[in-house]
Amino acid sequence: MRKPGDVEVLQGSVGGLPEPQAAGRGRRAEARAALELGLRLADLLVIPGAAIVSHLVRNGAVSPSQPQRVVFGALLLSTIICFGIAPLYRNWRARGLLADLWIVLLAWTSSFGLFSMYAVLVDMADVVPTFWLVAWYALGLLGMTASRICLRVQLHRLRSRGLDRQRVLLVGLRAPALKLHRLLRGKPEMGDEVIGYFSSPGDIATRRGGDAPRCLGSIDELPRYMDLHRGEFDQVWVSLQMGSGPQIKDMLKKIERFPVPVRIIPDISGYGALNPGVHLVGNVPMIGVRQGLPDQHFRLVKRIEDLLVAGIAVVLLAPVFAVLAVGVKLSSPGPVLFRQRRHGLGGKEFWMLKFRSMRVHAETPDTITQATRHDPRITRFGSFLRRSSLDELPQFFNVLGGSMSVVGPRPHAIQHNNHYEKLIGRYMHRHYVKPGITGWAQVHGLRGETPELRSMKKRVQYDIDYIRRWSPTLDVRIIALTAFKVLGQKSAY
């Protein structure tokens, strides 16, 4: 029991906390807010600063001309638009440095792309100083890269002083809470740390003791612990069974005198969840159980990535397209391109393009026969196209048209989808994102014929894993691996 003097000290403190502890929590919150503001201010200084330096290098101290001032304003406006849409400042702690820099590159490049469209529309492309723009782009990208590296160095310094770490108490330990604990332990840059948990019925800690955080007692001991350790924790996360409404209400009632943020971690592990998220419609919160990319703002990032990669590929490979088209035309009578209906985003059908690799033949209605080794339908030139994966190149036009992505689950024939969705659980989850020219399954050797059901199951597992883990850096990794592993792979025929 407390002495009366102790009660008086607590009542006289700010927010019911001893003043030094409340001040410590306030300093941690202020440090986090300062870092968020610092990131935005750094970009606000770097971008116009890079324009000024570029102008000084090219023109010296001469005042900028009227067209330059218009260009400056238009480019700043396009930067504000692109940076506001891209997830540059959202959840940046949860991303690695490379992923963060990739998003910066896409957003900065998109700003110049948007300005280029504007310059063409208003017929001012001839008056734009090319050297100035190129130097501005390069210096701006270099400056934003340097600022983010410095920011992460500062993060480590703050953590060493205990100013950038949220200490969390867990109530209950369901599967999602244990997953969170592992994530935070492996990514200290996120700034959250689970200091322990209070056990409840249905916990999984007894089976995973080695991975679980330290047990601080049972759920009934939570109020007493919070009373004795005021200021030593910053948040309470509740991880109880979905049907534990009365228990959760009772627990929240007992700790309502402690003014700390409380969050509930829903356990939806048995619902076939795919990148679940929380949405607020008006003032009504909802839990999204199944959706596409982990962050819906990443859809724009991925689209920009697709347009950049596909646009560059089409321009650079134009001579290759012409040579292959002639080769297909000479190999056998028929069209150069082969079109087939496939399922795309949301299960909608689209026409997928390929260079024709087979002789023109008729299929039985509602059936698609997979190509096999020594398939007599494949031409000699078509065999080369399939082994080298060059028959897939026309799909860059699908990407530019928006029906496909450069990286994603490979689109299967509609007849195959209708067949496998009845045999493989969560098979159609592949269509929560756009299909891709290459994918996570393909760089792991899963392409070509699938004579056994387990081969298709492995493909689906990799496809779902890709959707869960998506990031710009993962796409870059898959594109790089495709060049080394998929092109010329012997499993395609």
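The values are calculated or read from the model by the stated rules, or taken from the named source; none is laboratory data. Everything quoted here is computed from the prediction, not taken from an experiment. Every residue, glycine as well, gets a Cβ built from its backbone with ideal geometry; the counts of neighbours run over all protein chains shown.
Annotations for the structure displayed:
- Complete set of residues in the range 210-224 that are under 38 Å from the mean Cα position of the chain (by Cα) and at negative phi: Gly210, Asp211, Ala212, Pro213, Arg214, Cys215, Leu216, Ser218, Ile219, Leu222
- Filtered residues of the range 70-86 (kept if surrounded by fewer than 17 Cβ atoms within 10 Å (Cβ to Cβ) and not aliphatic (A, V, I, L, M)): Gly73, Gly84
- Residue ID - nearest to Pro261 (Cα to Cα), chosen from residues in the range 169-190 that are among the aliphatic types (A, V, I, L, M) and free of Cβ contacts under 8 Å to residues at least 60 places away in the same chain: Leu184
- Boolean, Arg152 is modelled with pLDDT under 85, basic (Lys, Arg) and in contact with a Gly (Cβ under 7 Å, 6 or more places away or on another chain): no
- Only one entry in Val323, Val328, Val336 is farther than 30 Å from Asn418 by Cβ and not basic (Lys, Arg), namely Val323.
- Exclusive hit being over 20 Å from Ile304 (Cβ atoms), over 28 Å from the mean Cα position of the chain (by Cα), part of a helix (DSSP H, G or I) and modelled with pLDDT of 80 or more, set Ala135, Ala146: Ala135
- Scope the range 235-255; condition assigned to a loop (DSSP other than H, G, I, E, B), within 25 Å of Gly191 (Cα to Cα) and among the polar types (S, T, N, Q); matching residues: Ser239
- Leading residue by the ranking (nearest to Asn275 (Cα to Cα)) among those in the range 450-473 that are under 18 Å from the mean Cα position of the chain (by Cα), modelled with pLDDT under 90 and surrounded by 15 or more Cβ atoms within 10 Å (Cβ to Cβ): Trp470
- Answer residue from the range 329-338, given it is in a helix (DSSP H, G or I) and touching a helix residue (DSSP H, G or I) at 6+ places or on another chain (Cβ under 9 Å) and is surrounded by the most Cβ atoms within 10 Å (Cβ to Cβ) among those: Ser331
- Restricting the range 339-384 to residues that are surrounded by 13 or more Cβ atoms within 10 Å (Cβ to Cβ), part of a loop (DSSP other than H, G, I, E, B) and charged (D, E, K, R), the residue that is modelled with the lowest pLDDT: Asp375
- The set of residues in the range 273-328 that are on the phi < 0 side of the Ramachandran plot and part of a loop (DSSP other than H, G, I, E, B) comprises Ala273, Pro276, Asn283, Val289, Gln291, Gly292, Leu293, Pro294, Asp295, Gln296, His297, Leu317.
- Restricting attention to the range 430-460, the residues that are in contact (Cβ under 8 Å) with a residue 60 or more places away in the chain and polar (S, T, N, Q) add up to 1.
- Residue check, Leu105 part of a helix (DSSP H, G or I) and of a type outside the set (Phe, Trp, Tyr): yes
- Options Lys249, Lys254: the member that is at pLDDT 85 or above, farther than 26 Å from Leu183 by Cβ and surrounded by 13 or more Cβ atoms within 10 Å (Cβ to Cβ): Lys254
- Counted residues, the range 385-439 - those being at pLDDT 90 or above and among the polar types (S, T, N, Q): 5
- Per the listing Gly311, Gly282, Gly288, Gly277, the residue uniquely in contact (Cβ under 8 Å) with a residue 60 or more places away in the chain, out of contact with any Lys or Arg (no Cβ under 9 Å at 6 or more places or on another chain) and surrounded by fewer than 16 Cβ atoms within 10 Å (Cβ to Cβ) is Gly311.
- In the range 475-486, the residues that are aliphatic (A, V, I, L, M) and in contact (Cβ under 8 Å) with a residue 40 or more places away in the chain: Val476, Ile478, Ile479, Val486
- Residues being surrounded by 12 or more Cβ atoms within 10 Å (Cβ to Cβ), in a helix (DSSP H, G or I) and of a type outside the set (A, V, I, L, M, F, W, C) - total across the range 41-69: 9
- Selection over the range 87-98 of residues that are surrounded by fewer than 16 Cβ atoms within 10 Å (Cβ to Cβ) and either among the aromatic types (Phe, Trp, Tyr) or in contact with a Pro (Cβ under 9 Å, 6 or more places away or on another chain) (or both) gives a count of 2.
- Scan of the range 422-458 for residues that are aliphatic (A, V, I, L, M) and part of a loop (DSSP other than H, G, I, E, B), ordered by number: Leu423, Ile424, Val433, Ala441, Leu446
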